[in-house]
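The structure under discussion appears below in the form of structure tokens.
Coordinate-derived values only; no laboratory data. What you see is a predicted model; the values in this text were computed from it and never measured. Here Cβ is always computed from backbone atoms with ideal geometry, including for glycine, and neighbour counts include all displayed protein chains.
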Amino acid sequence: MLTPIVLLWSFVKDHVRRLREDEGGYTTETVLVTAALVALALVVIALLVKVVTDKANSIHM
């Protein structure tokens with residue numbers, strides 16, 4: 001489960017490192033990668049909310 005996340009994270013770190021070294025400014029690619037990361041973050045947050053909500057609902061008092 002974590003392998004795709006680890007691979008994605010290393011890709012993002014490498015991409016950010018290359019962007020920092022480049023002095024050319026923002027490109028369309030940078031904007032698209034940023035938008036994709038924001039979308040991914042929203043998906044992860046939604047999944048976490050679902051997992052936590054399901055777990056909270058399964059607790060019987």
Tell me, what is the FRET efficiency for VAL6 and MET61 to the nearest 0.05, using R0 = 25 angstrom and their Cβ-Cβ distance as r?
0.10
Calculate how steeply helix 28-57 sits against the longest principal axis of the alpha-carbon atoms of the chain, using the helix alpha-carbon long axis, and give the answer as 0 to 90 degrees to the nearest 10.
10 degrees
Helix 2-21 vs. the chain, principal-axis angle (Cα, 0 to 90°, nearest 10)
30 degrees
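Placing unit charges on C-beta atoms (Lys and Arg positive, Asp and Glu negative, everything else neutral), compute the dipole magnitude of the chain about its Cα centre in debye, rounded to 20.
Numbers: 6 positive and 6 negative charges, 57 e Å.
Charge dipole of the chain: 280 debye, to the nearest 20.
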With n ≥ 4 as the cut-off for DSSP H runs, can you work out [θ] at 222 nm for the chain, using -39500 (n - 2.57) per run divided by the number of residues, rounded to the nearest 500?
-29000 deg cm²/dmol
